[in-house]
Amino acid sequence: MHNYYQPEIETMPREQLKALQSERLVRQVRHVYDNVKFYRDRMDAAGVAPEDIHGIEDLAKLPFITKDDLKDQYPYGLLGVPLSECVRIQSTSGTTGKRVVAFYTQDDLDIWDECCARAIVAAGGTKDDVCHVCYGYGLFTGGPGLNGGSHKVGCLTLPMSSGNTERQLQFMTDLGSTILCCTPSYAANLGEAIAERGLKDKIKLKAGIFGAEPWTEEMRHNIEEALGIKAYDIYGLTEISGPGVSFECEEQRGMHIQEDHFIPEIINPDTGEVLPEGEIGELVFTCITKKAFPLLRYRTRDLCYLTSEKCSCGRTHIRMHKPTGRSDDMMIVKGVNVFPSQIETVLLNQGYQANYQIVVDRIGNSDTIEVQVELTPEMQAAMPADTAEKEKIVTRKEKEVATGLKNMLGIKVDVKVVDLKTIARSEGKAVRVVDKRKLYA
Ligand code: DLL
């Protein structure tokens, strides 16, 4: 069964889609050149005039924008309309440096809601659904985005926001939530809480729309089992609007990018060269419909690849593969590139759950990496009461994990298998890595 929110756009033949993108790009370039000094200066410096952009084939003539540019232009430097036309801001969590503040006109909000509505419908959502949103509400885009999409679809919307697991479970059971929207790490935590309380029979969930952080296929499988649902990935970033820039359909094989609003490119992060389809590189977006915060060729730092292979769902929009992580999430340990997602794959394949933490440090001139992972409830229950016996089993388990990690990463990793409930649970984006080396940098 195919579920579309806007079939005329979501299944538009690619030639027609390209023509639409070209028309919108030309208009957008004119808009930013006329209204944003930053773009005018950048384009003048690059020797590109709006008249040089005739369609998407000219996209690469435009200069890139980076996160540093956003910091330099904070807060109003990239505004494309007078402030009086703006009706909302959203912002990033700003863990490093200045926050990014994104502005929206009412039309921009309508576009964003529409993108999220498409995502909900692609996950099987209809007006008969009860959509339980426990992404954070407020400056974070997760709550407001899915909330807007859910309203458009006509679902009964539960604006739960994050945290307070007891209350989440109470509403979920009392009001019969059918679609769950939250980070995958919080979905896993809810799964754990449901199992502990024996509530699985009382849960009516059928689908989950999970994103805002990287998660592996192994984690998807665990969440689907624990909650008895189909788990859909959703991607987005504050700078480009928020969730719904791309989302999965029933095929669950990559996320369709909403190409009528955002043009994707994949580039070599070192040279800026545009890479052919199928190659992994840094994802770059150009917004062709947003007016208040219109980013052109914005470098996301997310690494993935694109495919325009036909999808059985009928959508024609290109798909992006799950980002393997951000280029700035990648750790270089003992000279080797390490992504948290590689570690997660090894742990989950060995039967652990996604309750783990990675601690990187430097002792003398050598990097060290330690992975702490929790016993699952079953493993914990099977542990002997005798401390020495337990120690032996734990040591064996640590060796098994260390071997798996050595095979995956090619370096020695110290492993600590710890008791259930030792590692803090997340309510939003999980913090998996503690890089103590940064303290000395
Ligand atoms: O996380 C928007 C969002 C909210 C997406 C809810 C999906 C669901 P930011 O806080 O600006 O916005 O963080 C954006 O999070 O550049 C990626 O690195 C990462 N990210 C977002 N979705 C995914 C995903 C929201 N599905 C940054 N898989 C992005 C992997 C993701 N990483």
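Only one entry of Val101, Val133 meets the criterion of being over 23 Å from Gln6 (Cα atoms), among the β-branched types (Val, Ile, Thr) and within 14 Å of the ligand (Cβ to nearest atom), and that entry is Val101. Considering (1) modelled with pLDDT of 95 or more; (2) closer than 25 Å to Thr92 by Cα, the lone condition that His221 does not fulfil carries the number (2). Residues in segment 103-120 that are surrounded by fewer than 24 Cβ atoms within 10 Å (Cβ to Cβ) and part of a helix (DSSP H, G or I): Gln106, Asp107, Leu109, Asp110, Ile111, Asp113, Glu114, Ala117.
In segment 160-177, the condition of being assigned to a strand (DSSP E or B), within 16 Å of the ligand (Cβ to nearest atom), more than 19 Å from Asn355 (Cβ to Cβ) and open to solvent by less than 60 Å² (accessible area, probe 1.4 Å) is met by no residue. The helices (runs of 4 or more DSSP H) found wholly in segment 1-102 and carrying at least 3 residues that are over 30 Å from Ala123 (Cα atoms) and among the β-branched types (Val, Ile, Thr) occupy 14-35. Of all residues in segment 59-76, those being more than 19 Å from Leu237 (Cα to Cα) and either in contact (Cβ under 8 Å) with a residue 40 or more places away in the chain or of a type in the set (A, V, I, L, M, F, W, C) (or both) number 4. Across segment 370-407, the number of residues qualifying as surrounded by 14 or more Cβ atoms within 10 Å (Cβ to Cβ), hydrophobic (A, V, I, L, M, F, W, C) and not in a helix (DSSP H, G or I) comes to 4. Taking segment 290-310 as the range and being surrounded by fewer than 19 Cβ atoms within 10 Å (Cβ to Cβ) and in a loop (DSSP other than H, G, I, E, B) as the test, the residues that pass are Ser308, Glu309, Lys310. The residues listed here are Glu196, Glu250; of these, the one that is under 20 Å from Ser312 (Cα atoms), of a type in the set (Asp, Glu), away from the ligand (no atom under 16 Å from the Cβ) and open to solvent by 40 Å² or more (accessible area, probe 1.4 Å) is Glu250.
Would you say Cys287 is in contact (Cβ under 8 Å) with a residue 40 or more places away in the chain and surrounded by fewer than 21 Cβ atoms within 10 Å (Cβ to Cβ)? It is false that Cys287 is in contact (Cβ under 8 Å) with a residue 40 or more places away in the chain and surrounded by fewer than 21 Cβ atoms within 10 Å (Cβ to Cβ). Note on segment 218-247: residues that are within 14 Å of the ligand (Cβ to nearest atom) and not β-branched (Val, Ile, Thr) total 15.
Residues of segment 189-236 being touching a Lys or Arg at 6+ places or on another chain (Cβ under 7 Å), touching a residue at least 60 places away in the same chain (Cβ under 8 Å) and among the small types (Gly, Ala, Ser), which ones? Ala207, Ala212 - these are the residues of segment 189-236 that are touching a Lys or Arg at 6+ places or on another chain (Cβ under 7 Å), touching a residue at least 60 places away in the same chain (Cβ under 8 Å) and among the small types (Gly, Ala, Ser). Within segment 137-159, the set of residues being outside any strand (DSSP E or B) and aliphatic (A, V, I, L, M) comprises Leu139, Leu146, Val153.
If the condition is being open to solvent by less than 80 Å² (accessible area, probe 1.4 Å), touching a helix residue (DSSP H, G or I) at 6+ places or on another chain (Cβ under 9 Å) and not hydrophobic (A, V, I, L, M, F, W, C), then segment 9-30 contributes Glu10, Gln21, Ser22.
For the condition part of a helix (DSSP H, G or I), away from the ligand (no atom under 12 Å from the Cβ) and over 19 Å from the mean Cα position of the chain (by Cα), Lys127 does not qualify. With respect to the conditions (1) open to solvent by 60 Å² or more (accessible area, probe 1.4 Å); (2) at pLDDT 95 or above, Val431 falls short on a single one, namely (2). When the residues of segment 336-353 are filtered to those that are assigned to a loop (DSSP other than H, G, I, E, B) and out of contact with any strand residue (DSSP E or B) (no Cβ under 8 Å at 6 or more places or on another chain), the one that is most open to solvent (accessible area, probe 1.4 Å) is Gln350. Quick check, is Arg88 under 29 Å from the mean Cα position of the chain (by Cα), of a type in the set (Lys, Arg) and farther than 20 Å from Phe285 by Cα? Against the criterion (under 29 Å from the mean Cα position of the chain (by Cα), of a type in the set (Lys, Arg) and farther than 20 Å from Phe285 by Cα), Arg88 qualifies. With respect to the conditions (1) without any contact (Cβ under 8 Å) to a residue 40 or more places away in the chain; (2) open to solvent by 60 Å² or more (accessible area, probe 1.4 Å), Glu85 falls short on a single one, namely (1).
Scanning for something at pLDDT below 95, assigned to a loop (DSSP other than H, G, I, E, B) and either at negative phi or more than 15 Å from the ligand (Cβ to nearest atom) (or both), does segment 313-322 turn up at least one residue? Yes, segment 313-322 contains a residue that is at pLDDT below 95, assigned to a loop (DSSP other than H, G, I, E, B) and either at negative phi or more than 15 Å from the ligand (Cβ to nearest atom) (or both).
Of all residues in segment 28-58, those satisfying the criterion of being under 16 Å from Lys290 (Cβ atoms) and touching a residue at least 40 places away in the same chain (Cβ under 8 Å) are Gln28, Val29, His31, Val32, Asn35, Val36, Phe38, Tyr39.
The values are calculated or read from the model by the stated rules, or taken from the named source; none is laboratory data. Please read these numbers as outputs of a predicted model, since none were measured by experiment. FYI the Cβ positions are ideal-geometry reconstructions off the backbone, even for glycines, and counts take in every protein chain you see. Only protein heavy atoms, including side chains, enter the accessible area calculation; ligands, DNA and RNA are left aside. Shrake-Rupley method; radii C 1.70, N 1.55, O 1.52, S 1.80 Å.
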